[in-house]
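Down below is the structure, laid out as structure tokens.
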Amino acid sequence: MFVNPLQPWPWQRWHSAWRRWSLWTLLVVLVVAMLIIMVWLAGRYEASQVQDKLDRDTAQAVVEIRAGLNRNLQDMQAVNALHATPEEWSVRVAEMLQVRRELLRIEWRDAHMRILRAAQSPYRSVDWEDASREESFSNAIAACSNAKRTSSPAYSPSYFQLLNDSTGAELMEVCLPQLEAGQLKGFMVGTYSLHNILQTQLSKSLTQSQEVSFTEPDGTRLALVGAAWRGSRVFTSQQLLDLPGNTMVLRMDSWHRAPSVFPNVLTALVTGMAIALVSVLIVLVRDNRRRLRAERDLGDALAFRKAMEDSLITGLRARDLQGRISYVNPAFCAMVGFSAEELLGQSFAPYWPPELAEEYVKRQAKRLAGAIPAAREGHESVFMRKDGTRFPVLIFEAPLINAQGQQTGWMSAFVDITEQRRMEELSRASQERLQATARLATVGEMASLLSHELTQPLMAMSSYANGSLNMLQNDGDLRLLDADTLRQRLQDLQSAMQRIAFQADRAGKVIKSVRDFVRRRSRAHESITAQELLDAVLPLVRLQASKSGVLLDISIEPRLPPVLCDVTMIEQVLLNLARNAMQAMENMAPGLRKLSISAQWDESASRVAFSVMDQGSGIPPEVAEQLFTPFFTTKHEGMGLGLSMCRTVLEQHGGELRYRSNIPHGTVFTFSLPVQND
Ligand code: ADP
């Protein structure tokens, strides 16, 4: 038997389903993890890019601020306080304050830090008394003492100061020593607003997108410019602005939209790929699910077909092109009694009866060579069961064509026809019995005719015998008669004996014709002429015709070919039809009772046509409806089997029994018989 590979045991199915799902889950987890890592890395890369740019911007800003402060120092130097008149100084410094907005105030001090002159920025000014600045203002003093010590410009730490406009600002002093021939002559002191430094020294682009501030090293914010716009993600960069006497930190804060998933091409690309990958994964999962469903459907279909094959009572067997058995179904195994293992792969089938095996091998070789076309209508053969009993089978063969349209072998279906044969035999036997009964019935019906026919010879015999006896008694002692008379008597006796013998022979012939008719049975089809057929039934027909006063008209076309038929049965048909015809004319006037039997050649069918014509009452419609129904009769002593039997017999000869009305009245029954073709 076959084990369906698509129908595993439940635990196997569960195991494979679990494995498949765990693999899929693992794949999904890995892909999702990979995608998350990729997106995260891309985000990080992007963040580092932003951070790098911010660091570069911050470094650039520090450089710019430092350059600006140095330029201011140079400008302050250029005022050339030592060689300028106070008026000239005022003009130059005013010009400078006009341009340099980060400077709120410039002072000219002597070597003892006394203020000689001071100028305020026209934009924002500090409300300072010169005296207070000279004495108490320690930031400028600290810066200048530093500058004096190093003989170079120095800055003070930043400090908070209220301004005139009642706002405060973080300020820082710068002190530039004025030296002449190595001698300190005075100082130029500038006051910076840190806020203004940021505003004026940095390029607009920097402050537009980010917040720039000065802070103390500890993080305290001193001054701030830049965008008020906030995002949720902040990038920060810090750079030291190391000035002589003051160290500050320049800090830049840059905000980015959060979460910035598509800020740049890389992240977008990675995200796009991730989406594509997830889509492919979904499609794959769907495809897999569809395939699983198809697999299940296929398994179900296969199981259904297997169940169908197993429950078939028709035996199925497939052979490959080499004649080896490649498949057998359970019905075939049950039929021949061999197991599938014993049959599969065999090219010499063990169910072939040894006496027929040679013939079967030849037939198989012919079939494989393509000499015998597929027998779709089936052919009969004899197989052998494992226990040695033979049985008849009906075989239907067809070429086995695969999906590519190529023949891969032969497929055969087998039907065990043992039972069918038995039934056929039974029905044939019962048919024969029925026919014999019908014949006996015919004879029974003829019994009165027979007695009438036999009466005549018997009466004749009796009278001849009585006459002879009388003659002998009248003559007395024969020894007393003269020689002539004795000779005469002997002649008379001889003639009487001859007549008795003749009549006895005649009676014997009548009886023999009946006995022959009843006992005759030949099953094989014989070749016989129409004349011979009619001759066999005419004695019996004549018997009845003479009794019923029917005129007989027999016409047989000359040179008809012999017909091929079951002689006994056709005689019976003729006799039945003739008898029915004569019975139908019983009520007609005696002169009108005429029965015509004819045989002629039917060109269109190439058969010999027989007709039995009467001039009787005809067949009324209500009788016609049931004419061929067994046991239908309109006669008291009838059995109703005659016509149905005639029809069966004629159908067995490849023809049919027809009838039509005769003109002016009566019926014509016709049928035809095949001729021998040689
Ligand atoms: P049976 O002769 O025993 O009645 P048949 O089967 O031979 O049985 O005939 C059936 C019936 O058909 C007859 O009873 C009769 O009524 C009708 N029949 C048969 N042949 C003729 C005929 N030649 N003319 C009129 N009626 C007929």
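The values are calculated or read from the model by the stated rules, or taken from the named source; none is laboratory data. Every value quoted in this text rests on a predicted model; they were computed, and no experiment measured them. Methodologically, a virtual Cβ is constructed for each residue, glycine included, from the backbone with ideal geometry; neighbour enumeration extends over all protein chains shown.
Below is a table of values for the structure above.
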| item | result |
| --- | --- |
| Given (1) free of Cβ contacts under 8 Å to residues at least 40 places away in the same chain; (2) within 16 Å of the ligand (Cβ to nearest atom); (3) of a type in the set (K, R), index of the condition R579 fails | (1) |
| Residue that is surrounded by the fewest Cβ atoms within 10 Å (Cβ to Cβ), among those in the range 525-571 that are of a type in the set (G, A, S) and in contact (Cβ under 8 Å) with a residue 24 or more places away in the chain | S555 |
| Residue match in the range 663-670 (condition: of a type in the set (F, W, Y), away from the ligand (no atom under 12 Å from the Cβ) and on the phi < 0 side of the Ramachandran plot) | no |
| Residues that are hydroxyl-bearing (S, T, Y) and either modelled with pLDDT of 85 or more or in a strand (DSSP E or B) (or both), drawn from the range 181-213 | T191, Y192, S193, T200, S213 |
| Qualifying positions in the range 319-331 - assigned to a strand (DSSP E or B) and either within 17 Å of P350 (Cβ to Cβ) or polar (S, T, N, Q) (or both) | R319, I325, S326, Y327, V328 |
| Criterion: over 60 Å from the mean Cα position of the chain (by Cα), more than 10 Å from the ligand (Cβ to nearest atom), within 24 Å of L538 (Cβ to Cβ) and surrounded by 15 or more Cβ atoms within 10 Å (Cβ to Cβ) - qualifying residue of A609, A599 | A599 |
| Residue list for the range 478-494, restricted to those being aliphatic (A, V, I, L, M) and either part of a helix (DSSP H, G or I) or loosely packed, with under 13 Cβ neighbours inside 10 Å (or both) | L478, L480, A483, L486, L490, L493 |
| Unmet requirement for A589, which otherwise passes all of (1) surrounded by 15 or more Cβ atoms within 10 Å (Cβ to Cβ); (2) closer than 24 Å to L540 by Cα; (3) more than 12 Å from the ligand (Cβ to nearest atom) | (1) |
| Residue in the range 261-271 that is assigned to a helix (DSSP H, G or I), modelled with pLDDT of 90 or more and under 60 Å from the mean Cα position of the chain (by Cα) present | no |
| R422 surrounded by fewer than 11 Cβ atoms within 10 Å (Cβ to Cβ) and out of contact with any Asp or Glu (no Cβ under 8 Å at 6 or more places or on another chain) | yes |
| Residue within the range 64-80 that is outside any helix (DSSP H, G or I) and either modelled with pLDDT under 90 or surrounded by fewer than 14 Cβ atoms within 10 Å (Cβ to Cβ) (or both) present | yes |
| Residue, nearest to D535 (Cα to Cα), within the range 631-652, restricted to residues that are free of Cβ contacts under 8 Å to residues at least 24 places away in the same chain and within 8 Å of the ligand (Cβ to nearest atom) | S644 |
| Residue selected from the range 563-576 under the condition more than 16 Å from the ligand (Cβ to nearest atom) and touching a Lys or Arg at 6+ places or on another chain (Cβ under 9 Å), by the criterion farthest from T437 (Cα to Cα) | V563 |
| Test: residue in the range 462-471 that is modelled with pLDDT of 80 or more and under 28 Å from V567 (Cβ atoms) | no |
| Filter pass, M497 being more than 19 Å from V668 (Cα to Cα), within 16 Å of the ligand (Cβ to nearest atom), aliphatic (A, V, I, L, M) and in a helix (DSSP H, G or I) | no |
